[in-house]
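Reading through the structure tokens given below for one structure.
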Amino acid sequence: MNMKIFFTSSQRGKQFFLANYKRIQATLKNIPDVKLIEDDLLNEETEKFYEKLKLGGQKAYIDFYQQELNHLKTADINIFDCSFHSLSIGFTIQRSIDINKPTIVLYEESKTPYFLTGIEEEKFIISSYNKTNLETIVNKALKLAMDVRDKRFNFFIRPDLLNYITEVSKKDDIPISVFLRNLILEHKKKNK
């Protein structure tokens, strides 16, 4: 079984952390049964990346946004390097959490993303690394993320209940699985 992993980081951060990004990507590619969802992060020069977006106009921005969301949804685990602070990456991390994906944030020891360190979510893993332990930290974080991945649970439901949760899902703009998961978590918290 291939586990799909999406790794990305700040395009602008490449000028400072490209070597780290490459090491993270290489570490992930060397893990058996891991399929890395390719991103343009390492393949495209930063200036060309932004120029292409600018020249493409609004459609290019929409396509890029949709592509990133698709990567997040397709992946089993999403990984981000936040050594370079980026509003876009922060937003993407939040989207990953919102769709209930195991989300790993890595950062170089001296570049703590203070706001992100306050996140308390079961599937959110944040770890610092240095030049000597980067590969070890990536592997440890990945193991933690694998342990918190969702397990598939199928069951039959009456049509009226299905209609109800479908309506709520649309109204609240969340997947049905997130709605059901939240109900279970609320019940669990209430009955502790």
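The values are calculated or read from the model by the stated rules, or taken from the named source; none is laboratory data. Please read all numbers here as calculations on a predicted model, not as lab measurements. Positions of Cβ are backbone-derived with ideal geometry, glycine not excepted, and every protein chain shown enters the neighbour counts.
Table for the structure above
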item	result
Unmet criterion (only one of (1) assigned to a strand (DSSP E or B); (2) in contact with a Ser or Thr (Cβ under 8 Å, 6 or more places away or on another chain)) for Ser127	(2)
Qualifying residues in region 85-106 (those that are of a type in the set (Ser, Thr, Tyr) and free of Cβ contacts under 8 Å to residues at least 60 places away in the same chain) - the one surrounded by the fewest Cβ atoms within 10 Å (Cβ to Cβ)	Ser96
Failed condition for Ile79, given (1) outside any helix (DSSP H, G or I); (2) at pLDDT 95 or above; (3) farther than 17 Å from Tyr129 by Cβ	(3)
Residue within region 53-68 that is loosely packed, with under 10 Cβ neighbours inside 10 Å and not in a helix (DSSP H, G or I) present	no
Test: Glu109 is assigned by TED's automatic domain parsing to the domain that holds Ile31 and either more than 23 Å from Asp33 (Cβ to Cβ) or exposed (fewer than 12 other Cβ atoms within 10 Å of the Cβ) (or both)	yes
Filter result for Thr132 (outside any loop (DSSP other than H, G, I, E, B), farther than 23 Å from His71 by Cα and more than 14 Å from the chain's Cα centre (by Cα))	no
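Here's the yes/no breakdown for (1) assigned by TED's automatic domain parsing to the domain that holds Phe84; (2) among the polar types (S, T, N, Q); (3) surrounded by 17 or more Cβ atoms within 10 Å (Cβ to Cβ); (4) touching a Ser or Thr at 6+ places or on another chain (Cβ under 9 Å):
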{"residue": "Gln11", "(1), (2), (3), (4)": "yes, yes, yes, yes"}
{"residue": "Lys14", "(1), (2), (3), (4)": "yes, no, yes, yes"}
{"residue": "Asn20", "(1), (2), (3), (4)": "yes, yes, yes, yes"}
{"residue": "Ile24", "(1), (2), (3), (4)": "yes, no, yes, yes"}
{"residue": "Leu28", "(1), (2), (3), (4)": "yes, no, yes, no"}
{"residue": "Asp33", "(1), (2), (3), (4)": "yes, no, no, no"}
{"residue": "Glu38", "(1), (2), (3), (4)": "yes, no, no, no"}
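This table checks each residue for (1) assigned to a helix (DSSP H, G or I); (2) touching a residue at least 24 places away in the same chain (Cβ under 8 Å).
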position: Phe17; (1), (2): yes, yes
position: Asn20; (1), (2): yes, yes
position: Ala26; (1), (2): yes, no
position: Asn43; (1), (2): no, no
